[in-house]
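Right, one structure below, let's go through it.
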Amino acid sequence: MPIYRVHVFDGAYEVLHKRTLTYQLDLEGPGVDGALDRLLQALTRLASTAENEPMDAPRLEICDPKTGAILLDWNGA
């Protein structure tokens, strides 16, 4: 499975921007929705507790680690 770069946003504002977040994920496999939901929930919790960032409209951007191209914009199932 490939490893992707993950960016966490609250609406248009990137949170946890001082951290480099990577995640190993099969974007074509079954259960990808559930995996992304769990990742979004975990990173939302991290942002709200560790970084004191309120998360009203959380979303993820899954990016190619080499080019930075956005492969998936995820705000939940």
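The values are calculated or read from the model by the stated rules, or taken from the named source; none is laboratory data. Since we're looking at a predicted model, the values are computed, not measured. We place every Cβ from the backbone using ideal geometry, glycine too, and count neighbours over all the protein chains shown. The accessibility values were calculated without ligands, DNA or RNA, using every heavy atom of the protein model including side chains. Shrake-Rupley method; radii C 1.70, N 1.55, O 1.52, S 1.80 Å.
In Å², what does the accessible area per residue of the chain work out to with a 1.4 Å probe?
Ligands and nucleic acids excluded, the result is 63 Å² per residue.
Of the heavy-atom accessible surface of the chain (probe 1.4 angstrom), what whole percent is carbon and sulfur?
That share works out to 50 percent.
In the neighborhood of residue 62, defined by Cβ-to-Cβ distances under 9 Å, what is the net charge if each Lys or Arg adds +1 and each Asp or Glu adds -1?
Charge balance in the 9 Å sphere: -2.
Compute the long axis of helix 32-49 from its Cα atoms, compare it with the longest principal axis of the Cα atoms of the chain, and write down the angle in degrees, 0 to 90, nearest 10.
20
Taking Cα pairs under 8 Å and at least six residues apart, what relative contact order does the chain come out at, in percent?
Worked out over the chain, it gives 37 percent.
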